[in-house]
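Read-outs: derived from the displayed coordinates by stated rules, not from any lab. Quick caveat, the model's predicted, so the values are computed rather than measured. Here the Cβ positions follow ideal geometry from the backbone for every residue, glycine too, while neighbour counts run over all protein chains shown.
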Ligand code: SF4
Ligand code: SF4
């Protein structure tokens, strides 16, 4: 699939934003006094900015963005519609928490709102993943690794930014130890995901696509058109396959070893100096985000659509 | 609404005979021509007279070669028109966030409402058959309408109330009718010729059916038979024996 930058930016940034908001909401639910006024507002604000930036980027992908409001209507069947509804709904607890932090509120209210925010953040990311996992025509997305992948990547991104914000504001933050655990889990999951998509035997072949397999081996000799069309442009993206291995290693390196080393360094040099940990947090947030961009680019670029079977007879797993 | 309607009793669709399609692309051209001016048009092209024209077609004709299972048998060429199959349970409808993509309860035709579509392209990702093409010029998704603006058009003679592709086909490889009615001509044709579904494993239950090529006189598309050498007795005539020897060299 063609990796559209607007969609990659949307899924990475809204993932980081909701990861951040989830962790902040959870922290509030457990300990309403966890964060001071300004520190809390910065966490919320950065989360909201990421989410809004992601949503705005996603509208760049649309042919008729002025009608985007219509996308809230079909939540009964469409994951994309559900995603829109959930992400707008998540602004309600965000605004309420901001108000409570600003004016002061009792612990129970903050706890409840924190839990609500965490729930909406998680639901939104689940809906984002649902957009992809529901597409049977793209086996690399229609499998059990994709949902945990989206959740874990959102948490890792959110935790890295939460750590950075905490270092700079002195407020609540994701601890480096959590980041180490998330980084390891992400790499393990990605490893198994890639192994799965490389090895899975495709249910569809050019023979089932044409129904001509009963006569022998089918080969395309002439495509319907000499130039590209929408399908070959959108779904016949080839570029990534060449550098796939290297890019996978880059993603793993950024999300795994680099992040783990930075977190461990920060743990080692915590007291009495403050700046080494702050620098590590800064580097980790940047590297994790970069790693997520590479990972997401591959998620699109390496996913093959079954319609390409009609063209050129490429088997789903001829890389 | 992008929830699927309850199973429709009327299932309008096409039956495509791969045995006689000659790959002339007349159906594809007739489709483009009709729909460019029809109710769902236009179908604008980018760079139409340039080096790399790009535009929406609802119907595309592929050509495949089949290497027979049997060694040494001649290869078979099959021309293969591909368009929307108006599936019974298609995800292209349910994934749509706006309600623009829908399946009609009255006859099962799958359509895009041009005025609601936001051009998110998700439905084209959900279609395994490549039946939906996005128009960069219009900013919306376009697809085969089964010529809904012809088949119910009362200003046409009865005989012309058929999809443009069916009318255009010079070999009559395309048939239009109600596949939900077991007594219709198309249903009978499917039963008689073993019409089949494309990619049944997707679970979309296509309405359109394809008729497989018939066995050929040259033996391709037939069950493999062991090749036999002709045995002739030349022992009676020295002349024939000599000719056989020369020719066998
Ligand atoms: S062929 Fe594709 S566009 Fe047509 S109904 Fe089936 S899934 Fe939808
Ligand atoms: S491109 Fe249009 S018809 Fe297709 S899913 Fe998006 S809004 Fe619906």
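Things to note:
- Subset of the stretch B:94-126 [under 13 Å from residue B:3 (Cα atoms) and within 8 Å of chain A (Cβ to nearest Cβ)]: B:94, B:95, B:96, B:97, B:98, B:99, B:100
- For the stretch B:86-101, taking the residues that are outside any helix (DSSP H, G or I) and surrounded by fewer than 22 Cβ atoms within 10 Å (Cβ to Cβ), the one that is nearest to ligand 2 (Cβ to nearest atom) is identified as B:99.
- 2 or more residues away from every other protein chain (no Cβ under 14 Å): qualifying helices (runs of 4 or more DSSP H) within the stretch A:52-171: A:91-103, A:107-133, A:146-169
- Filter result (part of a loop (DSSP other than H, G, I, E, B) and without any contact (Cβ under 8 Å) to a residue 60 or more places away in the chain) within the stretch B:53-65: B:53
- Residue-level check: of (1) in contact (Cβ under 8 Å) with a residue 40 or more places away in the chain; (2) within 16 Å of the chain's Cα centre (by Cα), residue B:92 misses just (2).
- Only listed residue being touching a residue at least 12 places away in the same chain (Cβ under 8 Å), closer than 21 Å to residue A:206 by Cβ and more than 16 Å from ligand 1 (Cβ to nearest atom), chosen from B:68, B:44, B:81: B:68
- Against the list (1) at the interface with chain B (Cβ under 10 Å from one of its Cβ atoms); (2) out of contact with any helix residue (DSSP H, G or I) (no Cβ under 6 Å at 6 or more places or on another chain); (3) part of a loop (DSSP other than H, G, I, E, B), the condition residue A:203 fails is (2).
- Of all the criteria given as (1) more than 14 Å from every other protein chain (Cβ to nearest Cβ); (2) assigned to a helix (DSSP H, G or I), the one not satisfied by residue A:208 is (1).
- Residues of the stretch A:147-165 satisfying the condition of being farther than 13 Å from residue A:16 by Cβ and crowded, with 24+ Cβ neighbours inside 10 Å: none
- Meeting the requirement of 3 or more residues that are within 13 Å of ligand 1 (Cβ to nearest atom), within 22 Å of the chain's Cα centre (by Cα) and buried (at least 17 other Cβ atoms within 10 Å of the Cβ), the helices (runs of 4 or more DSSP H) wholly within the stretch B:103-186 are B:122-126.
- So residue B:83, is it more than 16 Å from ligand 2 (Cβ to nearest atom) and within 23 Å of residue B:197 (Cα to Cα): yes
- Total residues in the stretch B:188-202 satisfying the condition of being surrounded by 13 or more Cβ atoms within 10 Å (Cβ to Cβ) and either within 16 Å of ligand 1 (Cβ to nearest atom) or in a loop (DSSP other than H, G, I, E, B) (or both): the figure is 8.
- Which listed residue, of A:57, A:4, A:53, A:33, is surrounded by fewer than 18 Cβ atoms within 10 Å (Cβ to Cβ) and within 28 Å of residue A:306 (Cα to Cα): A:4
- Among the conditions (1) at positive phi; (2) part of a helix (DSSP H, G or I), the only one that residue B:23 does not satisfy is (2).
- All of B:51, B:28, B:73 fail the test of being within 11 Å of another protein chain (Cβ to nearest Cβ) and loosely packed, with under 15 Cβ neighbours inside 10 Å, apart from B:51.
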